[in-house]
Amino acid sequence: MPKVIFQKSGQEAEWDGSEDNLLELGESLGIDLPFGCRQGRCTSCQQTIVSGSLEYPDGHVGEPDPGKQLLCCSVPSGEEDLVIEA
């Protein structure tokens, strides 16, 4: 299982799939992350991914800024740890 590390907040957790997406995982760790629609439309939840990879299993509509990814509709992909700037 990959570890998800929220760099600025210093919080981390193993991704076990019990949360629907990375935004919910961050919230479960007590991290105050921005969000709006929770459907990948508004792009309010976009964050910089420092290392690792993620995927959008159900897709998304909005396009994040270059170098950013949408946390509300993404999950880690692969076995590599995922480091998020937040």
query = How many percent of DSSP beta bridges within the chain run antiparallel, rounded to 5?
reply = 80
task = Please compute P(r) over all alpha-carbon pairs of the chain, binned at 10 Å starting from zero, and give each bin as a whole-number percent.
result = 20, 59, 21
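Readers should treat all values here as calculations from the given coordinates under stated rules, not as data from a laboratory. None of the values given here were measured: they were computed from a predicted structure.
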